[in-house]
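The values are calculated or read from the model by the stated rules, or taken from the named source; none is laboratory data. Treat the numbers as computed from the prediction; the structure is a model and nothing was measured. Because the Cβ atoms are built from the backbone with ideal geometry, glycine has one as well, and the counts that use them run over all protein chains shown. The protein model used for the area step is the full one, side chains on, heavy atoms only, and it has no ligands, DNA or RNA in it. Shrake-Rupley method; radii C 1.70, N 1.55, O 1.52, S 1.80 Å.
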Amino acid sequence: MSWGRMDAFNKYGSASSESESDGESKTQASKRYAQPVVRQYTVNTAPEVGGYGATSAGGAMAPYVAPGQREITTNLAYSVLTQPLEGPIAKDGDFVSNAHMQMNSGRAEQQAIDETVFRMQERMLRQHGVTHDPSIIGMQVGDAGSGRRGARNNRGLRRKAKGDSSQLDGDDAYQGPWAGYEGEAAGQVSGPTAEQLAEYEQRVAEYTDAISDPSARSLGKGKKPKGGFYVEGQDERSVFHGQSERDYQGRTYMHAPPEHKHIREGEQTCYVPKRMLKEWRTAHNGGVSAIRFIPQTGHLLLSSGMDGLVKIFDAHSSLSLLRTYVGHSKAVRDISFAPDGRSFLSSSYDSTTKLWDTETGQCRQKFAVGGKKMPNVARFYPEDPNLFLVGQSDKKIVQWDIRANEIVQEYNQHLGAINSLTFFDSSRRFISTSDDKSMRVWEFGIPVVIKLIADPSMHSVPSVALHPSGKWIVGQSMDNRIVVYSAEGRIKAHRRKEFTGHLTAGFACQPSFSPDGRFLTSGDAEGQVWCWDWQSARVVKKWKAHEKVTICTAWHPKETSRVATCSWDGTIKYWD
């Protein structure tokens, strides 16, 4: 056995060794020892991960998903989709698919089945009772007679008697050719029983009481708390108003529509809306204070009201109320989405700012300013969602760190309550407006004013909007006009361009730009919506939208002509 191994080792060599051995005679080599027969085996240490090397039990080629494949056109089995992967290992010891998408050792990509193929096979199974076998390509599974079409001819059912033609009523009444089949449920009353309906109505009543009067049980019958829907000391909560929080694929309402993912904000030409698409008549009791579209996709609309509630609506398909966030005992002044839209801030007159989870409705953190100070406005820092600014009624701007749950910086230069905060210049600077009739420019993280905009002829500017190009800033002035300032280099007023015609004195109507920057909209005190052309500053269109003051307008970030408006009459309207 040892001679065989040595002989195999001696036979292994390069081409030069073989050429040198050719000089020796065969007789001399045969005299030394006899050449044994050596069997050489092929050793392959690569694992079988599918493809041509692996076969199924039936002999057919097993299905295999390539690492770079984005879609699959067949309904694969769970064992195939979850088969072990082989590949590079990240520096932290995890496989590259469980780490970040882009790494030094490779790239992991998501894989999903084509929805068209899935729907086609689902209909095939429902109608015919059979569909393709996910394990073996070319095979089918199911019962051909269990589908709708298989049971349509009522095979195996016995026909009922036609009855006596002389009788019209009774058990033996004449049925004729309209007699059915024995055992079928056609014509019978179906649905929930009386007990099930009573239980459902009771659950609906308790569900409604949780929103309208959450503390009625503790206070006694007929008594209602002064705080309305929420009382200090209670736990924050939320109520989902749909049938199911997840669809058949396990997705929540946070899933963005596929048609919005491929559209860049501002790349489409926008147009002035012509008709009302939807009206939420009782969105908030006492009036709506602000509305915000979710960033990047705009398929959700967030609103805050004087009733202390924050609500989120579907702005894409069903246009229905999805969830109500209950956590403030007084009116909510302002709301602001995080850059990714997964969380938002709500500032209320109860001296608190709360961080909410958009998807689950959970209140993550509570930030209390204390005393009689009230947070008028809150804005996330676009570069770091763990930091946000709060403009307060005590003339200060405070910077909160969510991780530490404490104030890390104060900006204290204003002489009045803070009204608005707007980031610009790639989020390096922000501008603040106040009741002291001034506008101040700051560098984020440095509590020193780098630019003061103040003039004896200026009026208070309670709301500000940034042009989509980032080059201009507009402010709603209290002298019934919208003023314009340059946002590049030196911050100075553009005195040749202003937008007039509407009546807003005494109201903080929030203006809004179209995604392409062509139009500027604003509400007024008479319930109208004004639309100006940005280049010429001329009025393009105005229409009566609400019965009371139109406090806020918001353009959809992806749709070309959709605008949302809200008013103190408690309604929210969606225009297209």
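(1) touching an Asp or Glu at 6+ places or on another chain (Cβ under 7 Å); (2) crowded, with 22+ Cβ neighbours inside 10 Å; (3) farther than 24 Å from Q392 by Cβ: which one isn't true of A283, the others all being true? Result: A283 passes all but (1). Any residue at all in the range 249-260 that is of a type in the set (S, T, N, Q), farther than 20 Å from V326 by Cα and at pLDDT below 90? So far as the range 249-260 goes, yes, one or more of its residues are of a type in the set (S, T, N, Q), farther than 20 Å from V326 by Cα and at pLDDT below 90. Out of all the residues in the range 430-438, is one or more among the small types (G, A, S) and open to solvent by 20 Å² or more (accessible area, probe 1.4 Å)? No, there is no match, as no residue in the range 430-438 is among the small types (G, A, S) and open to solvent by 20 Å² or more (accessible area, probe 1.4 Å).
Selection within the range 550-560: residues that are modelled with pLDDT of 90 or more and assigned to a loop (DSSP other than H, G, I, E, B). The member of this set that is surrounded by the most Cβ atoms within 10 Å (Cβ to Cβ) is H556. Using the structure shown, decide if H459 is without any contact (Cβ under 8 Å) to a residue 40 or more places away in the chain, surrounded by 16 or more Cβ atoms within 10 Å (Cβ to Cβ), in contact with a Gly (Cβ under 8 Å, 6 or more places away or on another chain) and in a loop (DSSP other than H, G, I, E, B). No. Only residues that are surrounded by 18 or more Cβ atoms within 10 Å (Cβ to Cβ) and in a strand (DSSP E or B) were counted in the range 462-478, giving 9. Restricting F388, F344 to those that are hydrophobic (A, V, I, L, M, F, W, C) and within 28 Å of W575 (Cα to Cα) reduces the list to F344. Just need a number here: residues in the range 290-338 that are under 21 Å from S420 (Cα atoms), within 12 Å of the chain's Cα centre (by Cα) and of a type in the set (V, I, T). Of the residues in the range 290-338, 1 are under 21 Å from S420 (Cα atoms), within 12 Å of the chain's Cα centre (by Cα) and of a type in the set (V, I, T).
Selection of the range 265-280 for residues being open to solvent by less than 40 Å² (accessible area, probe 1.4 Å) and β-branched (V, I, T) yields only V272.
Applying the set (1) open to solvent by less than 70 Å² (accessible area, probe 1.4 Å); (2) in a loop (DSSP other than H, G, I, E, B) to V449 leaves exactly one unmet item: (2).
Considered as a group, the residues in the range 536-546 that are over 25 Å from L300 (Cα atoms) and of a type outside the set (G, A, S) include one that is most open to solvent (accessible area, probe 1.4 Å), and that residue is R538. Of everything listed in (1) touching an Asp or Glu at 6+ places or on another chain (Cβ under 9 Å); (2) hydroxyl-bearing (S, T, Y); (3) modelled with pLDDT of 80 or more; (4) open to solvent by 50 Å² or more (accessible area, probe 1.4 Å), the single unmet condition for T116 is (1).
Among the residues of this structure, L219 counts as one that is modelled with pLDDT under 90 and of a type in the set (A, V, I, L, M, F, W, C). Applying the criterion of being in contact with a Gly (Cβ under 7 Å, 6 or more places away or on another chain) and basic (K, R) to the residues of the range 305-333, the residue that is surrounded by the fewest Cβ atoms within 10 Å (Cβ to Cβ) is K330.
Set side by side, the residues F367, F344 differ, and just one is open to solvent by less than 20 Å² (accessible area, probe 1.4 Å), modelled with pLDDT of 95 or more and of a type outside the set (V, I, T), which is F344. Which condition from (1) in a loop (DSSP other than H, G, I, E, B); (2) among the small types (G, A, S); (3) within 23 Å of G416 (Cα to Cα) is the one that G489 breaks? Looking at each condition in turn, G489 falls short on (3). Say whether the condition of being part of a strand (DSSP E or B), aliphatic (A, V, I, L, M) and closer than 21 Å to K373 by Cα is met by at least one residue in the range 415-430. Checked the range 415-430: at least one residue is part of a strand (DSSP E or B), aliphatic (A, V, I, L, M) and closer than 21 Å to K373 by Cα. Here L520 fulfils each of the conditions (1) under 14 Å from I291 (Cβ atoms); (2) open to solvent by less than 20 Å² (accessible area, probe 1.4 Å); (3) touching a Cys at 6+ places or on another chain (Cβ under 8 Å) apart from (1).
Considered as a group, the residues in the range 347-364 that are among the hydroxyl-bearing types (S, T, Y) and out of contact with any Asp or Glu (no Cβ under 7 Å at 6 or more places or on another chain) include one that is surrounded by the most Cβ atoms within 10 Å (Cβ to Cβ), and that residue is T353. If only residues of the range 492-503 that are of a type outside the set (A, V, I, L, M) and not in a strand (DSSP E or B) are counted, the one that is nearest to A564 (Cα to Cα) is H502. In the range 289-304 there is at least one residue matching the filter, namely being of a type outside the set (G, A, S), within 21 Å of T560 (Cβ to Cβ) and surrounded by fewer than 19 Cβ atoms within 10 Å (Cβ to Cβ).
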